[in-house]
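Heads up: the structure comes next, in C-alpha coordinates.
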Amino acid sequence: MKLLVSVADAGEARVAVRGGVDIVDVKNPAEGSLGAPAPGTIAQVRDTVPPERPVSAAIGDLPNLPGTAALAALGAAHAGAAYVKVGLWGTSTEDEAVAVLRAVRDAVESGPTRPTVIAAAYADAERVPSRPLAPGAVVAAARRAGVGGCLVDTAVKDGRGLFAWLTPDALTALVAAAHAANLEMALAGALRAEDLPTVRATGADIAGVRSAACRDGRRTASLDAERIEQLRAMCARSA
(Lines give C-alpha, C1' and ligand atoms only; values in the text may rest on other atoms or scores of the structure.)
Protein backbone atom coordinates (compact mmCIF):
# COMPACT_ATOMS: atom_id res chain seq x y z
CA MET A 1 0.00 0.00 0.00
CA LYS A 2 1.30 3.44 -0.94
CA LEU A 3 1.35 6.49 1.31
CA LEU A 4 -0.09 9.80 0.09
CA VAL A 5 0.52 12.95 2.12
CA SER A 6 -1.35 16.19 1.46
CA VAL A 7 0.69 19.38 1.23
CA ALA A 8 -0.19 23.05 0.80
CA ASP A 9 2.93 24.29 -0.97
CA ALA A 10 6.39 23.44 -2.30
CA GLY A 11 8.02 23.80 1.13
CA GLU A 12 5.78 21.11 2.58
CA ALA A 13 6.37 18.99 -0.51
CA ARG A 14 10.10 18.99 0.23
CA VAL A 15 9.43 17.70 3.75
CA ALA A 16 7.16 14.96 2.39
CA VAL A 17 9.83 13.88 -0.09
CA ARG A 18 12.45 13.74 2.69
CA GLY A 19 10.13 11.40 4.54
CA GLY A 20 9.94 9.09 1.53
CA VAL A 21 6.27 9.63 0.68
CA ASP A 22 5.00 7.71 -2.35
CA ILE A 23 2.57 10.34 -3.65
CA VAL A 24 2.62 14.09 -2.95
CA ASP A 25 -0.92 15.46 -2.90
CA VAL A 26 -1.66 19.16 -3.34
CA LYS A 27 -4.86 20.67 -1.98
CA ASN A 28 -6.17 23.83 -0.36
CA PRO A 29 -7.96 23.04 2.94
CA ALA A 30 -9.29 26.61 3.10
CA GLU A 31 -11.63 25.68 0.24
CA GLY A 32 -12.89 22.39 1.66
CA SER A 33 -12.06 18.75 2.17
CA LEU A 34 -10.85 18.50 -1.44
CA GLY A 35 -10.16 22.21 -1.87
CA ALA A 36 -8.47 23.17 -5.12
CA PRO A 37 -5.03 24.81 -5.04
CA ALA A 38 -3.98 27.42 -7.57
CA PRO A 39 -2.41 25.97 -10.74
CA GLY A 40 0.81 27.81 -9.90
CA THR A 41 1.00 25.99 -6.57
CA ILE A 42 0.63 22.62 -8.29
CA ALA A 43 3.36 23.59 -10.77
CA GLN A 44 5.70 24.69 -7.97
CA VAL A 45 5.17 21.38 -6.15
CA ARG A 46 5.74 19.46 -9.38
CA ASP A 47 9.01 21.31 -9.91
CA THR A 48 10.07 20.51 -6.34
CA VAL A 49 9.22 16.80 -6.31
CA PRO A 50 11.55 14.35 -8.11
CA PRO A 51 10.21 13.48 -11.58
CA GLU A 52 9.64 9.83 -10.71
CA ARG A 53 7.43 10.74 -7.72
CA PRO A 54 3.80 11.34 -8.73
CA VAL A 55 1.94 14.50 -7.73
CA SER A 56 -1.82 14.45 -7.23
CA ALA A 57 -4.10 17.45 -7.07
CA ALA A 58 -7.61 17.99 -5.74
CA ILE A 59 -9.80 20.16 -7.96
CA GLY A 60 -12.47 20.97 -5.41
CA ASP A 61 -15.64 19.85 -3.67
CA LEU A 62 -17.42 20.34 -6.97
CA PRO A 63 -20.98 21.35 -7.84
CA ASN A 64 -22.96 19.40 -10.39
CA LEU A 65 -21.43 21.41 -13.25
CA PRO A 66 -19.49 19.19 -15.68
CA GLY A 67 -18.02 22.11 -17.64
CA THR A 68 -16.66 23.74 -14.50
CA ALA A 69 -15.14 20.44 -13.42
CA ALA A 70 -13.56 19.93 -16.85
CA LEU A 71 -11.89 23.35 -16.79
CA ALA A 72 -10.51 22.79 -13.30
CA ALA A 73 -9.17 19.38 -14.28
CA LEU A 74 -7.47 20.71 -17.39
CA GLY A 75 -5.73 23.36 -15.29
CA ALA A 76 -4.43 20.72 -12.88
CA ALA A 77 -3.25 18.54 -15.76
CA HIS A 78 -1.34 21.38 -17.42
CA ALA A 79 0.27 22.19 -14.05
CA GLY A 80 1.73 18.67 -13.89
CA ALA A 81 -0.66 16.55 -11.81
CA ALA A 82 -0.46 12.81 -12.41
CA TYR A 83 -3.70 12.24 -10.46
CA VAL A 84 -6.72 14.57 -10.53
CA LYS A 85 -9.15 14.09 -7.64
CA VAL A 86 -12.76 15.08 -8.32
CA GLY A 87 -14.84 15.77 -5.22
CA LEU A 88 -18.38 14.62 -6.04
CA TRP A 89 -19.95 17.15 -3.65
CA GLY A 90 -22.89 18.37 -5.71
CA THR A 91 -23.83 15.10 -7.43
CA SER A 92 -26.60 13.24 -5.62
CA THR A 93 -27.14 10.46 -8.16
CA GLU A 94 -24.91 8.07 -10.01
CA ASP A 95 -25.91 9.56 -13.37
CA GLU A 96 -24.92 13.06 -12.24
CA ALA A 97 -21.57 11.79 -10.95
CA VAL A 98 -20.92 9.97 -14.22
CA ALA A 99 -21.57 13.15 -16.22
CA VAL A 100 -19.09 15.16 -14.14
CA LEU A 101 -16.46 12.42 -14.25
CA ARG A 102 -16.79 11.91 -18.00
CA ALA A 103 -16.35 15.64 -18.60
CA VAL A 104 -13.18 15.59 -16.52
CA ARG A 105 -11.89 12.46 -18.26
CA ASP A 106 -12.46 13.94 -21.72
CA ALA A 107 -10.76 17.22 -20.71
CA VAL A 108 -7.57 15.66 -19.40
CA GLU A 109 -7.31 13.14 -22.22
CA SER A 110 -7.00 16.08 -24.63
CA GLY A 111 -4.14 17.58 -22.61
CA PRO A 112 -0.40 16.91 -22.54
CA THR A 113 -0.09 14.56 -19.56
CA ARG A 114 -3.30 12.46 -19.43
CA PRO A 115 -3.46 12.16 -15.62
CA THR A 116 -5.46 9.47 -13.86
CA VAL A 117 -8.89 10.76 -12.80
CA ILE A 118 -9.98 9.80 -9.29
CA ALA A 119 -13.66 9.89 -8.30
CA ALA A 120 -13.84 11.09 -4.70
CA ALA A 121 -16.82 10.30 -2.48
CA TYR A 122 -17.43 11.20 1.15
CA ALA A 123 -17.81 8.58 3.88
CA ASP A 124 -19.93 11.05 5.86
CA ALA A 125 -22.10 12.08 2.88
CA GLU A 126 -25.21 11.81 5.05
CA ARG A 127 -24.27 14.94 7.01
CA VAL A 128 -23.47 17.10 3.96
CA PRO A 129 -26.39 19.43 3.06
CA SER A 130 -25.96 18.83 -0.68
CA ARG A 131 -26.46 15.09 -0.14
CA PRO A 132 -23.58 13.98 -2.38
CA LEU A 133 -23.24 10.54 -3.91
CA ALA A 134 -23.18 7.79 -1.29
CA PRO A 135 -19.74 6.19 -0.94
CA GLY A 136 -21.15 2.80 -1.85
CA ALA A 137 -22.01 4.11 -5.34
CA VAL A 138 -18.64 5.60 -6.21
CA VAL A 139 -17.19 2.46 -7.80
CA ALA A 140 -20.12 2.05 -10.17
CA ALA A 141 -19.94 5.73 -11.16
CA ALA A 142 -16.18 5.55 -11.76
CA ARG A 143 -16.51 2.38 -13.82
CA ARG A 144 -19.26 3.83 -16.01
CA ALA A 145 -17.31 7.06 -16.50
CA GLY A 146 -14.16 5.23 -17.57
CA VAL A 147 -11.88 6.90 -15.02
CA GLY A 148 -8.91 5.34 -13.24
CA GLY A 149 -9.75 5.14 -9.56
CA CYS A 150 -11.75 6.06 -6.49
CA LEU A 151 -11.16 7.80 -3.19
CA VAL A 152 -13.28 7.66 -0.06
CA ASP A 153 -12.54 10.59 2.26
CA THR A 154 -14.46 12.57 4.86
CA ALA A 155 -16.19 15.85 4.07
CA VAL A 156 -16.18 17.42 7.54
CA LYS A 157 -12.81 17.61 9.28
CA ASP A 158 -13.92 17.53 12.92
CA GLY A 159 -11.79 14.65 14.18
CA ARG A 160 -14.26 11.90 13.28
CA GLY A 161 -12.40 9.84 10.76
CA LEU A 162 -13.18 7.29 8.09
CA PHE A 163 -13.97 4.45 10.49
CA ALA A 164 -16.58 6.51 12.30
CA TRP A 165 -18.71 6.24 9.15
CA LEU A 166 -17.78 3.01 7.41
CA THR A 167 -16.79 -0.33 8.93
CA PRO A 168 -13.65 -2.18 7.86
CA ASP A 169 -15.85 -4.87 6.30
CA ALA A 170 -17.76 -2.30 4.24
CA LEU A 171 -14.50 -0.75 3.06
CA THR A 172 -13.03 -4.15 2.21
CA ALA A 173 -16.06 -4.87 0.03
CA LEU A 174 -15.73 -1.46 -1.65
CA VAL A 175 -12.04 -2.04 -2.37
CA ALA A 176 -12.80 -5.49 -3.81
CA ALA A 177 -15.47 -4.00 -6.07
CA ALA A 178 -13.01 -1.35 -7.28
CA HIS A 179 -10.36 -3.92 -8.04
CA ALA A 180 -12.89 -6.09 -9.90
CA ALA A 181 -13.55 -3.04 -12.08
CA ASN A 182 -9.78 -2.46 -12.61
CA LEU A 183 -9.85 0.71 -10.52
CA GLU A 184 -7.34 1.91 -7.96
CA MET A 185 -8.79 2.58 -4.50
CA ALA A 186 -7.54 5.16 -2.00
CA LEU A 187 -8.83 5.62 1.54
CA ALA A 188 -8.45 8.77 3.64
CA GLY A 189 -10.25 10.77 6.31
CA ALA A 190 -8.45 11.70 9.53
CA LEU A 191 -6.50 8.45 9.45
CA ARG A 192 -4.13 7.94 12.37
CA ALA A 193 -0.98 5.85 12.43
CA GLU A 194 -2.82 3.13 14.34
CA ASP A 195 -5.47 2.97 11.59
CA LEU A 196 -3.02 2.06 8.85
CA PRO A 197 -2.89 -1.71 9.52
CA THR A 198 -6.69 -1.80 9.21
CA VAL A 199 -6.59 0.27 6.03
CA ARG A 200 -3.92 -2.04 4.63
CA ALA A 201 -6.04 -5.07 5.51
CA THR A 202 -8.90 -3.77 3.34
CA GLY A 203 -6.66 -4.18 0.31
CA ALA A 204 -6.60 -0.44 -0.47
CA ASP A 205 -3.91 0.69 -2.89
CA ILE A 206 -3.29 4.07 -1.25
CA ALA A 207 -3.71 5.54 2.24
CA GLY A 208 -4.03 9.33 2.38
CA VAL A 209 -3.05 11.33 5.46
CA ARG A 210 -2.43 14.86 6.63
CA SER A 211 -2.80 15.21 10.40
CA ALA A 212 -0.95 11.95 11.11
CA ALA A 213 2.06 13.36 9.22
CA CYS A 214 2.15 16.60 11.26
CA ARG A 215 4.26 17.29 14.32
CA ASP A 216 1.53 17.17 16.92
CA GLY A 217 -1.15 15.29 15.01
CA ARG A 218 -3.02 18.46 14.00
CA ARG A 219 -3.59 18.98 10.27
CA THR A 220 -2.68 22.67 10.58
CA ALA A 221 0.74 21.96 12.15
CA SER A 222 4.03 21.53 10.30
CA LEU A 223 4.74 18.31 8.46
CA ASP A 224 7.32 16.03 10.07
CA ALA A 225 9.63 14.00 7.81
CA GLU A 226 10.31 11.44 10.55
CA ARG A 227 6.61 10.81 11.08
CA ILE A 228 6.14 10.42 7.33
CA GLU A 229 8.95 7.89 7.18
CA GLN A 230 7.30 5.86 9.95
CA LEU A 231 3.90 6.04 8.28
CA ARG A 232 5.31 4.88 4.96
CA ALA A 233 6.97 1.91 6.66
CA MET A 234 3.61 0.94 8.16
CA CYS A 235 1.95 1.16 4.76
CA ALA A 236 4.60 -0.95 3.09
CA ARG A 237 4.67 -3.65 5.78
CA SER A 238 3.27 -7.03 4.83
CA ALA A 239 -0.15 -7.74 6.28
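The values are calculated or read from the model by the stated rules, or taken from the named source; none is laboratory data. Note that the structure is a prediction, hence the values are computed from the model and not measured. Here the Cβ is made from the backbone with ideal geometry for all residues, glycine too, and neighbour counts use every protein chain on show.
Exactly one residue among GLY159, GLY149 is under 23 Å from ALA212 (Cβ atoms), touching an Asp or Glu at 6+ places or on another chain (Cβ under 7 Å) and surrounded by fewer than 24 Cβ atoms within 10 Å (Cβ to Cβ), and that residue is GLY149.
For (1) surrounded by 15 or more Cβ atoms within 10 Å (Cβ to Cβ); (2) more than 21 Å from SER56 (Cβ to Cβ); (3) touching an Asp or Glu at 6+ places or on another chain (Cβ under 8 Å); (4) among the basic types (Lys, Arg), each residue gets a yes or a no:
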residue: PRO197; (1), (2), (3), (4): no, yes, no, no
residue: ASP224; (1), (2), (3), (4): yes, no, no, no
residue: ARG227; (1), (2), (3), (4): yes, no, no, yes
residue: MET234; (1), (2), (3), (4): yes, no, no, no
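Can you name the residue in segment 1-40 that is part of a helix (DSSP H, G or I) and β-branched (Val, Ile, Thr) and is also nearest to ASP224 (Cα to Cα) among such residues?
Once the filter is applied, the top-ranked residue is VAL15.
In segment 147-167, is there at least one residue being touching a residue at least 12 places away in the same chain (Cβ under 8 Å) and among the acidic types (Asp, Glu)? Yes: segment 147-167 contains one or more residues that are touching a residue at least 12 places away in the same chain (Cβ under 8 Å) and among the acidic types (Asp, Glu). Is it true that some residue in segment 169-192 is surrounded by fewer than 19 Cβ atoms within 10 Å (Cβ to Cβ), modelled with pLDDT under 95, part of a helix (DSSP H, G or I) and not basic (Lys, Arg)? No, that holds for no residue. Being part of a helix (DSSP H, G or I) and of a type outside the set (A, V, I, L, M, F, W, C) is the filter; apply it to segment 135-168 and report the residue that is nearest to the chain's Cα centre (by Cα). Only one residue tops the list, namely PRO135. Among the residues that make up segment 88-97, is at least one of them β-branched (Val, Ile, Thr), at pLDDT 95 or above, out of contact with any strand residue (DSSP E or B) (no Cβ under 9 Å at 6 or more places or on another chain) and crowded, with 16+ Cβ neighbours inside 10 Å? Yes.
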